[in-house]
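Please treat every number below as a calculation from the coordinates, not as lab data. Owing to the predicted nature of the structure, the values given are computational and were not obtained by experimental measurement. Positions of Cβ are generated from backbone atoms using ideal geometry, with glycine treated the same way; all protein chains shown enter the neighbour counts.
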Amino acid sequence: MTEAGCKSLSKTKGKEEKKKMSEEQTKEYNSFKYKFFLGKGNNYPLVRTILKQRWWWTITDVDHFEDANFIWTQWRKNHHIALLDSKMEVTK
């Protein structure tokens, strides 16, 4: 085999290995995602733009906001606040 043929073969093999690694990484990345929910107010368009640029964050809708790892909304939403876990006992 000629030297050019060997280089071509090694380039093809390298591309196949990169593609295989890429497919494995894609599967791993898809299993490692955080969910976020954004309510109106508090500069939510900026937060949405920032989080959508990160592959490990995915937006969830209002029906599944309980599953979200990150919730950005106005504080006056008492229903959302009641769902938050607290390490301290809350006294009223």
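Annotation: extensible slack from residue 78 through residue 59 equals 4.7 nm (criterion: 0.36 nm per residue apart, minus Cα-Cα distance). Between beta-carbons, use under 15 Å as the cut-off and find the net charge around residue 59, counting Lys and Arg +1, Asp and Glu -1. Every neighbour counted, the sum reads +2.
Between residue 58 and 34, 35, 36, the built amide H atoms are under 5 Å apart, and every one of these is 5 or more places off in sequence or on another chain.
Taken one residue at a time, the phi angles of region 66-74 give Karplus couplings (6.51, -1.76, 1.60, θ = phi - 60°) of 5, 7, 6, 7, 9, 10, 10, 7, 6 Hz. Gly and Pro are set to x.
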